[in-house]
Amino acid sequence: MALNKTNPTKTEVWKKLTTHYKETKDAHLRDLFSSDTNRAEKFTLQWKDFLFDYSKNRISTETMQLLLQLAEEVNLKGAIKAYYDGDIINETEGRAVLHTALRAKKTDKILVDGVNVMPEVYEVKQHIKEFTDKVIHGELKGYTGKTFTDVVNIGIGGSDLGPAMVTEALKFYKNHLSIHFVSNVDGDHVHEVLKTLDPETTLFVVVSKTFTTQETLSNATTIKKWFLKYATQDDIAKHFAAVSTNSEKIAEFGIDAANVFPMWDWVGGRFSLWSAVGLTIALAVGYDNFDALLKGANEADVHFKETEFSDNIPVVMALLSVWYNNFHGAETEAIIPYAQYLSRFSAYLQQGIMESNGKSVDRAGNVVGYETGTIIWGEPGTNSQHAFFQLIHQGTKLIPTDFIGYKHSLYGNKDHHNKLMANYFAQTEALMNGKTKVEVISELEAKNVAKKEIDKLAPFKVFAGNKPTNTILIDKLTPRSLGSLIAFYEHKIFVQGVIWNIFSYDQWGVELGKQLAGTILNDIENTEISKHDSSTLRLLQYFKK
Ligand code: F6P
């Protein structure tokens, strides 16, 4: 079944939401809380070791009812079925969207073109297990017989961000292998990494779904040349592995078939860390931890598929985001993990969310007349508090923010963890309540500040508050809970794409720049420069001089 092509603004409930927004837009969270002592309970969902408190949002029971009605009217139920069943929901590329199959149970049956893909998925998982076990335990050796000490992941976009984010997030669970990432076509990146490496003890994993990506092929070629300064062509088989759908190109590159890990066109790059693209993750933390990550994602998949929308964490996350994006006019969302391990989490989600839902044409091919994908940004707390939180608190923009935190730290340092979490709770409370003029004045009076000075300072010390936040409080950062967390955001992306009537799983927008870069590379490398606008032309002439 194809996804339907319902324009969300033409639904019955959209009109009601518009009216509801006008009627409630000035309500202050402070008042919503004081008028309902049950509010936190009403708007909190608990699932396994996750607590999702969305009570500090500008919503009422009626808002949620209307948003849930929107989900019904765009047939989210049917869309979820099509997503899990492997229907061709990525219509413009003629593909199914089945990253959920990568973490499904062995006994599940998931058909693509009438063929159950699960046996193949588990065959590749077995290969990942055997290969990574052998590298970690020193059974696979380099060309001089030494065991591997370093692994370099060569890839970009989804072939880099997922593995890089998860490897950092699960650092606590890491083994002895040092993991490096080379992504940028900027040669200084690869050379900085190479200078730290010993060719005899380094394993290179080339990750590219298409195996045509300029950055990855350039980096892999530079690395191969560097390697061949020390070793022979035959030694490549021992030091290079590849992950791709393009077996022909891998063979051309000279990687041994035994070290090739296939993936499938029904896995989008930005959703691929669960496939063999996660090889570097499995190398870094061991196969069992990688498998636990997948299990956590599968549990979130089951929750998303089977839970009533009102109790469904990714559905509620998506609906709240639609509420701010399409009714309150918010353009960006911040994601703030109170965990240094999650320092790459927002960067990872930037690709997931912005490459998926950064679309302005609907599923019927018409230019949309409403806002779609949100701008995602963020950095870990508490560092971000000392950087950009000022603007969230007192700036003119509305920035709904997700606060992600853990009940327990991994090293168990209570003193630090209590301080970290005190900040986590304090920020959401401060963002919600703000500080009134009356409060500011009484605070200054208590400090014996002169009346004239109080009058001067008070306007600057007032915080409007009413800033929406979600609090995601998880027991502990484990491979399993991380898998669930990532999967929740993946499903949030899906729900929003369904509501906005856009195709979330293609990315044509990145193609134009790639095409032009090809032409410009010719201009740079040859004497003649082809036709350009006067600015680009002058810049190229200046660069070539
Ligand atoms: O340019 C965007 C993109 O196609 C992403 O969607 C993808 O994750 C990235 O490039 C890398 O692609 P590949 O894995 O094919 O090298």
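Just so it is clear, none of the values below were taken in a lab; they were calculated from the coordinates. In this text, all values refer to a predicted model and were calculated from it rather than measured experimentally. Cβ sites come from the backbone with ideal geometry, for glycine too, and all protein chains shown count toward neighbours.
Just a few scattered comments:
- Note, ³J(HN,Hα) from phi for segment 366-383, Karplus 6.51, -1.76, 1.60, rounded to Hz, x at Gly and Pro: 9, 5, 6, x, 8, 6, 10, x, 7, 8, 10, 7, x, 8, x, x, 8, 3
- Loop-located GluC sites (Glu not before Pro) in segment 73-144 whose Cβ has at most 14 other Cβ within 10 Å (DSSP): E139
- Prolate/oblate/rounded call for segment 116-290, Cα gyration tensor, a/c under 1.5 rounded: rounded
- Restriction of the trypsin sites (Lys or Arg not before Pro) in segment 395-482 to DSSP coil positions whose beta-carbon has at most 16 other beta-carbons within 10 angstrom yields K397, K407, K447, K476.
- Karplus-derived 3J(HN,Hα), 6.51/-1.76/1.60, for each residue of segment 187-197, Hz, glycine and proline x: x, 5, 5, 5, 5, 4, 6, 4, 5, 9, 9
- Using the rule -39500 (n - 2.57) for each DSSP H run of four or more residues, divided by the residues of the chain, the 222 nm mean residue ellipticity is -13500 deg cm²/dmol.
- Sum of side-chain charges, T11 neighbourhood, beta-carbon under 14 Å (Lys, Arg +1; Asp, Glu -1): 0
- Electrostatic dipole magnitude of the chain [Cβ: Lys, Arg +1; Asp, Glu -1; Cα centre; debye, to 20]: 1160
- In summary, the lysines within cross-link reach of K249, defined as a Cα separation below 21 angstrom excluding same-chain residues under 8 places away, comprise K209, K224, K225, K238, K514.
- Members of K109/K295; K106/K476; K10/K81 lying beyond 20 Å, as alpha-carbon distances in this model show: K106/K476; K10/K81
- The mean sequence separation of alpha-carbon pairs under 8 Å and at least six residues apart, normalised by the residue count of the chain, gives a relative contact order of 19 percent.
- The chain - convex hull of the alpha-carbon atoms, volume per residue in Å³: 197
- Hits among aspartates and glutamates - C-alpha to C-alpha of K461 under 19 Å, sequence gap 8 or more where chains match: E429, E439, E443, E445, E453
- For the residue pairs K419/K492; K16/K492; K15/K437, alpha carbon separations beyond 25 Å are given by K419/K492; K15/K437.
- Backbone amide hydrogens, once placed in the peptide plane, bring H180 within less than 5 Å of V151, V152, N153, excluding anything fewer than 5 places away on its chain.
- Whole-Hz couplings from phi, Karplus 6.51/-1.76/1.60, listed for segment 280-292; x for Gly and Pro: 5, 5, 4, 5, 6, 10, x, 4, 4, 5, 4, 5, 5
- Simple Cβ-charge dipole of segment 116-290, Lys/Arg +1 and Asp/Glu -1, about Cα centre, in debye nearest 20: 180
- Relative exposure of F543, F172, F204, F309, judged by other C-beta atoms within 10 Å (fewest first): F543, F172, F309, F204
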